[in-house]
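So the structure is just underneath, and the comments pick up after that.
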Amino acid sequence: MTFCGATTGIEPPLALLAELTHRCPLRCAYCSNPLALDPASRELDTAVWRRVLDEAADLGIIQVHFSGGEPTARKDLEALVAHATGAGLYANLITSAVLLDRARLERLRDAGLQHVQIGFQDTVPAKAEIISGFPGGQPKKLEVARAVTDAGMALTVNAIVQRHNIDRVDDFIDMALELKAGRIEIANVQYYGWALKNRAALMPTHEQLIRMDERVRARLPELTGRLVVDYVVPDYYAKRPKACMGGWGRKFLNVTPSGSVLPCHAAETIPGMTFDRVTERPLADIWANSAAFQRYRGTDWMPQPCRSCDQREIDWGGCRCQALALTGSADNTDPVCELSEHHGLLAGITATDGGTAEVPLTYRSFSL
Ligand code: SF4
Ligand code: SF4
């Protein structure tokens, strides 16, 4: 099926997040993947993923982000990258890097991979091991990061920030420069999935955030033209929400390892919703017509105060999954918004969970 925006009035998405697998050797305390993971036996096979990539290109999608779990756990990754780029898609790999080596990176590059994003849990190896629950990860990540740029691909350092490493933001930036990354994403932990279980162990204090903000701003002038810095204030200390996913069903779609098509990574947490599968319905039809994508698309679903707010087509009422997690209903205005009747909840959560103390982490387990 070829997507026709002229007949549906809906613009095609920009990017597809292809979650190839939930398998992952790491056990990050902040992992935002669902609590119930797809086992390997339910993963889409190579032929179905190839069809999905073709359908994505037909739909007008420009970029595919191969993600997981750990996407390099899939032996067919090279074949999928080659298929994606053959279909005209820009291919990005989002990886922990611990299963990669120089030879495989070069095969991926030869298959057409253009960009690699590596997640770093810390700049101090022992601290990174505590957060990731994985021994020996940091030297491997550094080695692979160097191999990415040596192989001629673009590198993004994804610095995942929480209370135990937030005061090392300068070290993260220095590490990205040393690795010749083109971009650093300073990503404050979002409290979905497993991360929600560890919120009281990970959430920083407001003072820590202010310090980080000052450090990032102080570094920006010297980084111009050398390193792109993506950084936003985390939701729980913000006054207005972000346009989550650029608005529900507006810019992105996710395909899970077992083939469900989601408007956002955490959408399966919303009770009562059903998601169409790529094995049962064409991607273009799901994007344009499925009940899940229609549910919070646009502004018709909005309650007050969003419905009459002049920001409603800028932030699209914020994040549905966050509204659910914090207020009990995905239909509510994101409580990050200070105009929300639930905004006071945020102050309560940051008062109880924000801190600097060592609180025991709860780890997930999932074998390859
Ligand atoms: S956050 Fe950590 S555990 Fe979760 S998928 Fe990514 S690397 Fe694996
Ligand atoms: S009321 Fe709704 S649309 Fe207005 S700023 Fe808040 S979340 Fe955004």
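Where a number appears in this text, it was derived from the coordinates with a stated rule and is not lab data. Computed from a predicted model, the values in this text were never measured in an experiment. Positions of Cβ are backbone-derived with ideal geometry, glycine not excepted, and every protein chain shown enters the neighbour counts.
Per residue, the average separation of C-alpha pairs within less than 8 Å and at least 6 apart gives the stretch 89-145 a relative contact order of 40 percent.
Could you rank the peptides 252-260, 237-245, 52-60 by their average count of other C-beta atoms within 10 Å per residue, with the highest value first? Show your work: numbers first, answer last.
On the way: 252-260: 22.7, 237-245: 18.9, 52-60: 21.1.
Output ranking for 252-260, 237-245, 52-60: 252-260, 52-60, 237-245.
In this label model, ILE62 and ASP300 are separated by 2.8 nm, measuring between points 7 Å along each Cα→Cβ vector.
Placing a label point 7 Å from the Cα of ALA351 along the Cα-to-Cβ direction, the residues of the stretch 189-212 whose backbone N falls under 15 Å from that point are 206.
By the equivalent-ellipsoid construction on the alpha carbon gyration tensor, the stretch 84-240 comes out with semi-axes of 27, 18, 16 Å, ordered largest to smallest.
Shown here are the Rg and Dmax of the Cα trace of the stretch 67-112, at 10.0, 28 Å.
What's the whole-number percent of alpha carbon pairs in the stretch 202-269 lying beyond 13 angstrom? Working shown, then result.
On the way: 1702 of 2278 pairs.
Every Cα pair in the stretch 202-269 considered, those over 13 Å come to 75 percent.
The alpha-carbon of LYS197 sits under 18 angstrom from the alpha-carbons of these aspartates and glutamates, leaving out residues fewer than 8 places away in its chain: ASP235, GLU268, ASP353, GLU358. Mean projected area of the convex hull spanned by the Cα atoms of the stretch 148-222, taken over all viewing directions: 5.8 nm².
For the pair ASP331 and SER32, the difference between a 0.36 nm per residue extended length and the Cα-Cα distance amounts to 105.5 nm.
Give the dimensionless ratio obtained when the Cα radius of gyration of the stretch 308-368 is divided by 2.2 N^0.38 Å. The partial results should precede the final answer.
On the way: Rg = 15.6 Å, N = 61, 2.2 N^0.38 = 10.5 Å.
In units of the 2.2 N^0.38 Å rule of thumb, it is 1.48.
Would you mind estimating how fast the stretch 233-291 diffuses translationally, via Stokes-Einstein at 10 °C and 1.306 mPa s with the Kirkwood radius over Cα pairs, in µm²/s? Translational D for this selection: 125 µm²/s.
I need the per residue convex hull volume for the stretch 35-108, using only the alpha carbons, in cubic angstrom as a whole number. Mind showing how you got there, number by number?
On the way: hull volume 7.6 nm³, N = 74.
Residue-normalised Cα hull volume stands at 103 Å³.
Helical content of the chain, expressed as a calculated mean residue ellipticity at 222 nm, amounts to -10000 deg cm²/dmol (DSSP H runs of 4 or more residues, -39,500 (n - 2.57) each, divided by residue number, nearest 500).
The GluC sites (Glu not before Pro) of the stretch 323-368 meeting both criteria, a DSSP state outside H, G, I, E and B (loop) and at most 10 other C-beta atoms within 10 angstrom of the site's C-beta, are GLU358.
The chymotrypsin sites (Phe, Trp or Tyr not before Pro) found in the stretch 24-67 include none that occupy coil by DSSP while having at most 15 further C-beta atoms within 10 Å. Near the amide H of ASN188, within less than 5 Å, lie the amide hydrogens of VAL161, VAL232, all on another chain or at least 5 residues away, with H placed in the peptide plane. Across the chain, Cα pairs under 8 Å and at least six residues apart give a relative contact order of 20 percent.
In this simple spin-label approximation, THR274 and LEU14 carry label points 7 Å from Cα along the Cα→Cβ vector, and these lie 3.3 nm apart. Here r is the Cβ-Cβ distance between LYS251 and ARG281 and R0 is 25 Å; the resulting FRET efficiency, rounded to 0.05, is 0.75. Per residue, the convex hull around the alpha carbon atoms of the stretch 262-368 comes to 158 Å³. Within the chain, DSSP assigns beta bridges of which about 10% are antiparallel (rounded to the nearest 5).
Extents of the chain, largest first, come to 55, 52, 41 Å (Cα atoms, principal axes, whole angstrom).
Take every Cα pair under 8 Å in the stretch 94-222 that's 6+ residues apart, average their separations, divide by the length, and report that relative contact order as a whole percent. Before the final figure, lay out each step's value.
Numbers: 170 pairs, mean separation 30.7, N = 129.
After rounding, I find 24 percent.
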